[in-house]
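Remarks on the structure that follows.
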4 protein chains.
Amino acid sequence: MARIRTGIINVTGYAGIELARLLHGHPKVELVSVTGRSAAGQKLAKVFPHLADIDLTIESELAEVDFAFSAMPHKASAEAILPLVDRGVKVVDISADFRLKDTRAYPQWYDFDHPRPQLLQTAVYGLPELSRDRISKAKLVANPGCYPTGALLALAPMVKEGLASGDIIVDSKSGVSGAGRSLTISTHFAEAVDNVRAYSLEGHRHLPEIVQELELLRPGFKPAVTFLPHIVPMSRGILSSCYIQPVAGVDKKKLRELYGDFYKGEPFVRVVEAPPETKHTWGSNLCLVYPSVEPRTGKVIVISCIDNMVKGAAGQAIQNMNIMLGFSEAAGLEALAVYP
Amino acid sequence: MARIRTGIINVTGYAGIELARLLHGHPKVELVSVTGRSAAGQKLAKVFPHLADIDLTIESELAEVDFAFSAMPHKASAEAILPLVDRGVKVVDISADFRLKDTRAYPQWYDFDHPRPQLLQTAVYGLPELSRDRISKAKLVANPGCYPTGALLALAPMVKEGLASGDIIVDSKSGVSGAGRSLTISTHFAEAVDNVRAYSLEGHRHLPEIVQELELLRPGFKPAVTFLPHIVPMSRGILSSCYIQPVAGVDKKKLRELYGDFYKGEPFVRVVEAPPETKHTWGSNLCLVYPSVEPRTGKVIVISCIDNMVKGAAGQAIQNMNIMLGFSEAAGLEALAVYP
Amino acid sequence: MARIRTGIINVTGYAGIELARLLHGHPKVELVSVTGRSAAGQKLAKVFPHLADIDLTIESELAEVDFAFSAMPHKASAEAILPLVDRGVKVVDISADFRLKDTRAYPQWYDFDHPRPQLLQTAVYGLPELSRDRISKAKLVANPGCYPTGALLALAPMVKEGLASGDIIVDSKSGVSGAGRSLTISTHFAEAVDNVRAYSLEGHRHLPEIVQELELLRPGFKPAVTFLPHIVPMSRGILSSCYIQPVAGVDKKKLRELYGDFYKGEPFVRVVEAPPETKHTWGSNLCLVYPSVEPRTGKVIVISCIDNMVKGAAGQAIQNMNIMLGFSEAAGLEALAVYP
Amino acid sequence: MARIRTGIINVTGYAGIELARLLHGHPKVELVSVTGRSAAGQKLAKVFPHLADIDLTIESELAEVDFAFSAMPHKASAEAILPLVDRGVKVVDISADFRLKDTRAYPQWYDFDHPRPQLLQTAVYGLPELSRDRISKAKLVANPGCYPTGALLALAPMVKEGLASGDIIVDSKSGVSGAGRSLTISTHFAEAVDNVRAYSLEGHRHLPEIVQELELLRPGFKPAVTFLPHIVPMSRGILSSCYIQPVAGVDKKKLRELYGDFYKGEPFVRVVEAPPETKHTWGSNLCLVYPSVEPRTGKVIVISCIDNMVKGAAGQAIQNMNIMLGFSEAAGLEALAVYP
């Protein structure tokens, strides 16, 4: 059977090269076209030596493909995707451009007016564990942000079941690759190594995604989510420590059962029996979730770990593609984490 | 004027070698004796090449000194200190053995019965910013834990002023040196690098210290503190993100004024204007504090950064000694952070 | 077609878990048995959460298998392997126990007398690029050491072609995982991070391997190899900088052609056009080689990069198995490097 | 006695901020002026929070000072320094602009024609251990490069004594801060972490310095130095592994005596008894030197470790100032290394 022809718009960022790495090993698709602005005209192998097995030249425009991924920054991504959508090409967008349903959120959080508001209603927020059916019918999937992926998978069972009050804190610790490949002083090696810092204390762009999806989980639920991201000195991984005030006392054993049931059969979410570590997910599409109760205060603590480049970006995008195209959901994503 | 003769019990752990480093540069004291069990009989320079300027042999018993620091593990520290205290030697104990006022806390949290419960009432918990006067008169000072130091300095103004409800979460990110110099698989380089993990989800030993001192700050205050420590891949530093539900709406500007006033004139606490980073404190005795309010939820977020080896251990011990001996509080602790 | 039943002796070290990771994704084999001493009786998933997809219990004795890998330490490895060899099971030994042809080398370098010296002559040193034919007929393959793998692939073309004088220096920089999973103070995170050190200045155990194989490459060649390993603060990777005094002036272009021809068609050696970085090989079985000439001194400098856990251990072991069993040499080893 | 008024031209690079850190603790001088182009007009504390104790505003022009340090890049440094030199202000230049005696070296290695060639003859190359007397009489000292400092201190005794043939290899491993504070993709955290790479294989700018100073050590000596620098994932430190072909067999014990005698009484060079580690020098002005002989090949291996920011830049600059101004050579540089 012929392989599906896929392309990556903006292969030169970290999400883009991770897509290339994973698509190269996918049994059902062929990567036939990759684009990039500054590097257009160069061989992929020259710019990214670890991708040397992929014999492609970086182009300025995407070739004809059956399926496209966009790893463009926000705003530019929508512009690049709209012609494809109009031509009927199925797309997974890794940017934020189709994640938020409320049109007004774009000028507020991303400083641009959305060019096609009506598409926001048909685009599907692609967190497979919460929206698998809708993804399977979607033409355009908005791949979740890296922080929301970990946070939502940690929070969803408590919220869905009605056990969470609205008092929720998500304290996330991310590797530096989450900040992208653009050069900044805070991601300069000598500044970022041996260092931890918090940022976006006034509100991070991933907050509205988290709130939107939590509200969708349970009609009428209006949580007050305090989300604080931190950068820690490693390249990959996000550990989110989620603190939930339960509506009533929660038994740890029952909590674990609830989470176990909620994620039963999921190929990429594992409810683990000991606190997980980001390193356990390095290079893999897994999300490890550990629900717990502080024995003195009764606060529910749920910890989740993902690789921000995989389940937090490129891996989840491929998982979404697999669902959209009717492939086995884990196709191309079976590799175990690289450890240590 | 003759220098004060000081000694370090158990120089061979990280707190011990940091004490040696800092005391070597102290203008008023002379380090005359250091002990260590396994390394007894060896030159300090041989075991710790970076201390080669200190010409001492590691002994099994402390020589006669005017002032002693204990960097022994808990339980063993009390045993080593009691004879000194009985002889009238002033002591700063870096272990937990004299931090907790409630005798019952020792079997509960540290698995031993306290050998001299009455001393718990006269020993002073040595957080200078909260207890300077009592430290100045103390014979025995219990040096705070590394996590409590950062957490208490972040929380104290809110609590003291009566602005904090009891709903408090402390999410701390520590460098690996906090786990000490004893070998464990989780501090093995290949396991700890590129990794973040949470631990002690059932309750960390530093929790009762935090609660005890918060309660002392305001009569009748009974906080429900959820404290979760994490290990991040760097050797030094603790960043604590403290989430406080205020009793009423808090204005960010007034909050900053409150913190500014509270720490006015403090040599080692600085209320900073941008979110601090642990690297800003590397090797120094500073605690950087950043108070803030989440604009949507109204949750107060206070971030503090310290070097766990300095303000979180050896530096604070010397600060306490300076107060106990009437020296300038910053003597020997003026060096700026080593950056980057 | 039925999969080949494979087993790993001592899965609990880093080479062992890396074998498990890679064998799990191998299309032609099934991992059916893993052993380990201290962890015997426990589920693999519990001890190594990243291997949770492999449903095996760690055993004290290997089950019946068609093919075995030994990841035991030296001496113990020979003891574990001999019964298997005697039963006709094909084996790849990752330890040094069958690498050296000279029986006397074992007491000299490894402190034990070899239990079966005659096997040293039939065991094949498993560097496929140099000994593919003999590997294909071998029953017992001695997997090369991590340092020799990188050094030999860098040096072989120069030596084989008779261009190298005997004056050779190999300066290698290794990640910390090369020191294994056993706990030592020098691999304690706080000691190893932010640090570089040289070790084994009196002679490293991998030296005799390097010399033996270089001598075999060219009859009569008796090199004086100075080999100095260093540890740098990362978990994986070896970069070897090899300095060769050529017998006559060497032209850089011809040197590159020589290397290109030598490794033409090799699935896992790539002669690259820019100085390689260890990160380009992270998690993959590639060896990147960059030959060069210092323009003032005429010294030939060849740089090689490998992932010490893959091409330097488990990956090369599987490459050897593939050759021994007539599989495609790259089977199970096609994954691209995980970057960044 | 009034303190000497000092200034730093270009405080905003890593050498500049390290000068500020160290000068702040110097007992004999006062830092009164710091300049920087992009940050001019801002408080030093705002741009560099760890320097908050220094109450200075970054200026565009240096104020009147008694002594100046230039931490400008090459070419711009000479331009900034010449007016000061003409006014009789003593200067230490951290750039390369006055290191090389051969005028032709500047267009060749640094792409500019030297603006004042005659000054090259009176400027003194400021490696105190080799040129203390000349430094003490100098008006303008050229601070050595970071790599040459470690390499020359490792090589000098062998060369001076006539024991070294010209066949010398210097293989250096540097932390990333050596590449400066300017943003580049190779110093982006996610690219530099978990990575080792070699660079400047065609010749590094520090090579002519090394050769020039070696030649000056022994009349008629014309070494063929192969110098290869590497970047390893840590912020500070350089370990240089120097391989010297001796003119005749060298006894290790006598070699150690030679080095011990050569550096006897030196405040900042220590001939150590075990292979040194860069971490032993973190934040300090020490150079640790370990001479050794490979027992099989007879090659002399000398390893040196420095903190590239201190002995490799700002600390050595202050050491030079101390000598030029008749202060104790160690003034302001006595702090022990920060470990771990």
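What to note about this one:
- Only DSSP H runs of four or more residues enter the estimate; each adds -39500 (n - 2.57), and after division by the residues of chain A the mean residue ellipticity at 222 nm equals -8000 deg cm²/dmol.
- Charge dipole of the stretch D:97-163 (Cα centre as origin; +1 on each Lys and Arg Cβ, -1 on each Asp and Glu Cβ, all else neutral): 260 debye, rounded to the nearest 20.
- Whole-number percent relative contact order across the stretch B:1-97, with pairs defined as alpha carbons under 8 Å at least 6 apart: 29 percent
- Mean separation of Cα contacts under 8 Å, 6 or more apart, over the residue count of chain C: relative contact order %: 17 percent
- When Rg and the Kirkwood radius Rh are both evaluated on Cα atoms of the stretch C:95-148, their ratio Rg/Rh stands at 0.97.
- Positive-end extreme of charge dipole, chain A - chosen from A:321, A:192, A:95 (charges on Cβ): A:321
- Each of C:37, A:87, A:218, A:197 was scored by other Cβ atoms within 10 Å of its Cβ. Listed from fewest to most, they are A:87, C:37, A:218, A:197.
- For the segment A:330-336, counting C-beta atoms of other chains within 10 Å of every residue's C-beta and taking the mean gives 3.
- Expressed per residue, the C-alpha convex hull volume of the stretch A:1-115 stands at 107 Å³.
- Only Lys, Arg (+1) and Asp, Glu (-1) charged, at Cβ; the stretch D:147-308 dipole about Cα centre in debye: 160 debye
- Once the Cα atoms are used to define both axes, helix A:76-87 deviates from the longest principal axis of chain A by about 70 degrees.
- Kirkwood estimate for the stretch C:1-60, i.e. one over the average of 1/r between Cα atoms, Å: 11.3 Å
- Across the stretch C:194-200, rounded Karplus estimates of 3J(HN,Hα) from the backbone phi angles (6.51 cos²θ - 1.76 cosθ + 1.60, θ = phi - 60°) give 6, 8, 10, 8, 9, 8, 6 Hz, Gly and Pro being marked x.
- The Cα center of the stretch C:1-76 and the Cα center of the stretch B:186-233 differ in position by 37 Å.
- Within the stretch B:147-308, the ratio Rg/Rh, alpha carbon atoms throughout and Rh by Kirkwood, equals 0.98.
- Less than 5 angstrom separates the built amide H of residue A:30 from those of A:4, A:5, A:6, all sequence-distant by 5 or more or on a different chain.
- On Cα atoms only, tilt of A:146-160 relative to the major axis of chain A in degrees: 40 degrees
- Dipole of chain B computed with +1 at Lys/Arg Cβ and -1 at Asp/Glu Cβ about the Cα centre; of B:26, B:227, B:255, farthest Cα towards the positive end is B:255.
- Normalised contact order of the stretch D:147-308, rounded percent, pairs of Cα under 8 Å and 6 or more residues apart: 32 percent
- Ranked for footprinting exposure by Cβ neighbours inside 10 Å, fewest first, A:94, A:54 give A:54, A:94.
- Of the trypsin sites (Lys or Arg not before Pro) in the stretch D:261-292, the ones in a loop by DSSP (not H, G, I, E or B) with at most 15 other beta carbons within 10 Å are D:264.
- With θ taken as phi - 60° and the Karplus curve 6.51 cos²θ - 1.76 cosθ + 1.60 applied, the whole-hertz 3J(HN,Hα) list for the stretch B:49-64 is x, 6, 9, 4, 6, 9, 8, 9, 9, 5, 10, 8, 10, 5, 6, 5 Hz, x standing for glycine and proline.
- Rg over Rh, two decimals, chain B (C-alpha only, Kirkwood Rh): 0.95
- Projecting the Cα atoms of A:151, A:298, A:210 onto the charge dipole of the stretch A:147-308 (Cβ charges, centred on the Cα centre) puts A:298 farthest toward the positive pole.
- Using equal-weight Cα scatterers in the Debye expression, the normalised intensity of the protein assembly as shown in log10 at q = 0.06, 0.07, 0.08 Å⁻¹ is -0.55, -0.76, -1.02.
- Here chain D is treated with +1 on each Lys and Arg Cβ and -1 on each Asp and Glu Cβ, and its dipole about the Cα centre works out to around 300 debye.
- Across the stretch B:179-184, coupling constants 3J(HN,Hα) worked out from phi with the 6.51/-1.76/1.60 Karplus curve, θ = phi - 60°, read 7, x, 9, 6, 7, 9 Hz, and Gly and Pro carry x.
- The stretch A:1-148: antiparallel DSSP beta bridges as a percent of all, rounded to 5: 5 percent
- Amide H contacts of residue C:285: none lie under 5 Å away among residues 5 or more positions distant or on a separate chain (H built 1.01 Å from N in the peptide plane; Pro and chain starts excluded).
- To the nearest ten degrees, helix C:207-217 and the longest principal axis of the Cα atoms of chain C are 70 degrees apart.
- Counting Cα-Cα pairs of the stretch D:85-188 in 5 Å increments starting at 0 gives whole-percent bin shares of 2, 10, 16, 18, 20, 18, 10, 5, 1.
Here, each number is a calculation from the coordinates, and none is a lab measurement. Since we're looking at a predicted model, the values are computed, not measured. We place every Cβ from the backbone using ideal geometry, glycine too, and count neighbours over all the protein chains shown.
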